[in-house]
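Beneath this line is the structure, given in structure tokens, with notes to follow.
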Amino acid sequence: MNKEFDIELQDSRLNDSLAKELCDRAIDLSIDYSEIPLDLIINNDLIKEIPIVKTIFSLGKVGFTVKQMFFIKKLMTFLKEFQTGIIDDEKLSKFNDEMKTNDKYRGKVTNQILILLDRLLSDIKAKYLAKIFIAYIGGKYDWDTFTDLTIWLDSMALMDFKLFDFLFNQTKNIKVSHISEQLSLDKYLILAAVQRLRNYGFIKVVGRTLGQDEFNETIELSDFGIDFYRNCIKIA
């Protein structure tokens, strides 16, 4: 009999298990979880012995859907990125103390992470989520900004990250039409990415002549966008 595996994201056991992983940093960091094929996620003995994965197994039924396997993969990708990140010792200690002594705060943090991981459509976004979380713990963003950034992350297209990379490495501002030419990508895809990043405050327009269309706008990353890229997107 093959029943559908169903993870209850709001189950307190899963929240408690995630809180423990965030504080204890105990997973195997030698494994690149993002590279493991989905069908091997639940058949890898090392992964199955990880406490939070054991918890997920205990919450489900026999038989895994692709969605549930992908959730585990995103979760492990997030945890590895988080546990290999650099956080000031004092701020990390303060975070750990709050997680261990404040039930309301612990629930708020774990709920936000679990819900976002469940929604994200790519494991690379799970890495970015971890980096945003690290920036939050490090004091670069307050909780409300962290929450906004995670919501924006969920809605961003992979094209947006390519545009981020391109603009960050530019030595001067550039026209939207020139970006399309240099990246050899459809100008409307580029324009859509530009508009999304502008809506989030990551891009600013620095030049546009009256009567020109949006393709002739001159743009660059805003200070907020540069800071976000360095903290949360750039891969060292």
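The values are calculated or read from the model by the stated rules, or taken from the named source; none is laboratory data. The model shown is predicted, which means the values in this text are computed figures rather than measured ones. Methodologically, a virtual Cβ is constructed for each residue, glycine included, from the backbone with ideal geometry; neighbour enumeration extends over all protein chains shown.
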Qualifying residue in segment 209-224 (condition: surrounded by 15 or more Cβ atoms within 10 Å (Cβ to Cβ), closer than 26 Å to F78 by Cβ and not polar (S, T, N, Q)): yes
Note on I151: of the conditions (1) in the same structural domain as K74 (by TED's automatic domain parsing); (2) in contact with a helix residue (DSSP H, G or I) (Cβ under 9 Å, 6 or more places away or on another chain), unmet is (1)
Expected single match for touching a strand residue (DSSP E or B) at 6+ places or on another chain (Cβ under 6 Å), of a type outside the set (S, T, Y), free of Cβ contacts under 8 Å to residues at least 60 places away in the same chain and in the same structural domain as L163 (by TED's automatic domain parsing) among L197, L189 is L197
So in segment 40-63, with the set limited to residues that are over 26 Å from K131 (Cα atoms), of a type in the set (A, V, I, L, M, F, W, C) and touching a helix residue (DSSP H, G or I) at 6+ places or on another chain (Cβ under 8 Å), which one is modelled with the lowest pLDDT? L59
Can you report the number of residues in segment 117-150 which are outside any helix (DSSP H, G or I) and polar (S, T, N, Q)? 1
Keeping to segment 163-175, report how many residues are in contact with a strand residue (DSSP E or B) (Cβ under 7 Å, 6 or more places away or on another chain) and assigned to a helix (DSSP H, G or I). 2
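Here is a check on your reading of the model: is D186 modelled with pLDDT under 95, among the acidic types (D, E) and surrounded by fewer than 18 Cβ atoms within 10 Å (Cβ to Cβ)?
Working: modelled with pLDDT under 95: yes; among the acidic types (D, E): yes; surrounded by fewer than 18 Cβ atoms within 10 Å (Cβ to Cβ): yes.
Considered against the rule, which asks whether it is modelled with pLDDT under 95, among the acidic types (D, E) and surrounded by fewer than 18 Cβ atoms within 10 Å (Cβ to Cβ), D186 comes out as yes.
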Sort through K204, K172 and tell me the only one that's loosely packed, with under 15 Cβ neighbours inside 10 Å and farther than 18 Å from K125 by Cβ. K172
So D142 passes all but one of these: (1) modelled with pLDDT of 95 or more; (2) surrounded by 14 or more Cβ atoms within 10 Å (Cβ to Cβ). Which condition number does it fail? (2)
For K131, work out the one condition from (1) modelled with pLDDT under 95; (2) under 11 Å from the mean Cα position of the chain (by Cα) it doesn't fulfil. (1)
